[in-house]
Amino acid sequence: MARLARPARTTWVLGLGEDGRLLHDFGCRDVPFGEVTGVVEHAGRLYLGSL
């Protein structure tokens, strides 16, 4: 039986304004973690975390 290729892990972060308007759209593939469970901004940088 043939094996199916594993899908690439993708992490995506959207930055929304108070009015719901999209301000930022950042995505990357093949990251070492699957689901982002936390995000914090410090000194102009975003830090993503996963359980």
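Going by amide H atoms built from the backbone, whose H comes under 5 Å of the H on Gly15, apart from near neighbours?
Leu23, His24, Asp25, Phe26
In the chain, carbon and sulfur make up what percent of the accessible area (probe 1.4 Å)?
About 55 percent, which is the carbon plus sulfur part of the accessible surface.
Across 10 Å bins from the origin, how do the percents of Cα pairs in the chain run, short distances first?
20, 43, 25, 9, 4, 0
Using each residue's phi in segment 4-16, evaluate 6.51 cos²θ - 1.76 cosθ + 1.60 at θ = phi - 60° and report the 3J(HN,Hα) Karplus result to the nearest Hz, with x for Gly and Pro.
7, 5, 6, x, 5, 6, 10, 10, 9, 10, 10, x, 10
Mind putting a number on the dipole of the chain about its Cα centre? Charges go on the C-beta only, +1 for Lys and Arg and -1 for Asp and Glu, and I need it in Debye to the nearest 20.
Here the size comes out at about 400 debye.
Measuring with a 1.4 Å probe in the full set of protein chains, what accessible area per residue, in whole Å², belongs to the chain?
97
The values are calculated or read from the model by the stated rules, or taken from the named source; none is laboratory data. Every value quoted in this text rests on a predicted model; they were computed, and no experiment measured them. Here the Cβ is made from the backbone with ideal geometry for all residues, glycine too, and neighbour counts use every protein chain on show. Just the protein is used for accessible areas: all its heavy atoms, side chains included, with ligands, DNA and RNA removed. Shrake-Rupley method; radii C 1.70, N 1.55, O 1.52, S 1.80 Å.
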